[in-house]
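All remarks here apply to the structure that follows.
The values are calculated or read from the model by the stated rules, or taken from the named source; none is laboratory data. Not measured: the values here are computed from a predicted model. Every residue, glycine as well, gets a Cβ built from its backbone with ideal geometry; the counts of neighbours run over all protein chains shown. Protein only, heavy atoms only, side chains kept; ligands, DNA and RNA dropped before computing areas. Shrake-Rupley method; radii C 1.70, N 1.55, O 1.52, S 1.80 Å.
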Amino acid sequence: DDGSCIAVVYGCTDPLASNYYPGANTDDGSCLFPGCTDPTAFNYDPNANTDDGSCIFLGCTDPTASNYDPNANTDDGSCLFPGCTDPIASNYDPNANTDDGSCLYPGCTDPTAFNYDPNANVDDGSCIAVVYGCTYPAASNYDPNANTDDGSCIFSGCTDPAAINYSPFANVDDGSCCYVTGCTD
């Protein structure tokens, strides 16, 4: 023996492996490359041959959300909380981030009512019937029960523009017109 024999030492000869053995001179296929080995994971490593538990599965991790993903381990901000997102609605939900069309707007839904609200979608019983009449308190036929003016208000006075006491607001002549030559009764 001339001393030239080299003993075979088996082990991992790849310095990038986690179990690299610098004393090995023959690779035995035991090299370990830890990482995420699940191809469906966000951080899948195609070079990994040993799963190290680092796989990231993105999704909604809040179990109260409508799109909760029990397989997700990292929240990606996609959680959906349906509800009414309009602050002026009677059932506004400050925790909702997705409007589900459930907003309630109480009011009068009868289009023939005096106080009809075109934005209301829930009748709250507040509808007031239309009552036509004269709504101007200075008119001689003022109707305190009327809520819709029907153009019937009577304003008595002199309707002759030639008179010195002509009233442009009068719509019924009451015979009180005065002229330069004198007044009539």
Neighbours by Cβ (under 9 Å, 6+ apart or cross-chain): first from segment 136-164, in contact (Cβ under 8 Å) with a residue 24 or more places away in the chain; second of a type in the set (Gly, Ala, Ser) and assigned to a loop (DSSP other than H, G, I, E, B): 147/129
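Within segment 33-68, take every residue that is among the aliphatic types (A, V, I, L, M) and open to solvent by less than 70 Å² (accessible area, probe 1.4 Å) and give me the one that is nearest to residue 96 (Cα to Cα). Walk me through it before giving the result.
Let us first name the residues in segment 33-68 that are among the aliphatic types (A, V, I, L, M), namely 41, 48, 56, 58, 65.
This time we only want the ones that are open to solvent by less than 70 Å² (accessible area, probe 1.4 Å), so: 41, 48, 56, 65.
Working: 41: 29, 48: 41, 56: 27, 65: 10 Å.
If we take residues in segment 33-68 being among the aliphatic types (A, V, I, L, M) and open to solvent by less than 70 Å² (accessible area, probe 1.4 Å), then 65 is nearest to residue 96 (Cα to Cα).
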Residue match in segment 17-37 (condition: outside any strand (DSSP E or B), modelled with pLDDT of 95 or more and within 42 Å of the chain's Cα centre (by Cα)): yes
Scope segment 27-54; condition in contact with a Pro (Cβ under 7 Å, 6 or more places away or on another chain) and of a type in the set (Gly, Ala, Ser); matching residues: 48
Condition broken by residue 71, with the remaining ones in (1) open to solvent by less than 50 Å² (accessible area, probe 1.4 Å); (2) within 30 Å of residue 100 (Cα to Cα) satisfied: (1)
Pairs, first among the aliphatic types (A, V, I, L, M) in segment 47-62, second part of a loop (DSSP other than H, G, I, E, B), C-beta under 6 Å, six or more apart: 48/33; 48/37; 56/41; 56/42; 56/43; 58/42; 58/76
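Let's see how each residue does on (1) more than 30 Å from residue 91 (Cβ to Cβ); (2) over 40 Å from the mean Cα position of the chain (by Cα):
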{"position": "117", "(1), (2)": "no, no"}
{"position": "131", "(1), (2)": "yes, no"}
{"position": "135", "(1), (2)": "yes, yes"}
{"position": "157", "(1), (2)": "yes, yes"}
Residues of segment 137-163 classified as more than 23 Å from residue 116 (Cβ to Cβ), surrounded by 11 or more Cβ atoms within 10 Å (Cβ to Cβ) and out of contact with any Ser or Thr (no Cβ under 9 Å at 6 or more places or on another chain), total: 1
Residue match in segment 87-98 (condition: closer than 30 Å to residue 8 by Cα, free of Cβ contacts under 8 Å to residues at least 12 places away in the same chain and open to solvent by 80 Å² or more (accessible area, probe 1.4 Å)): no
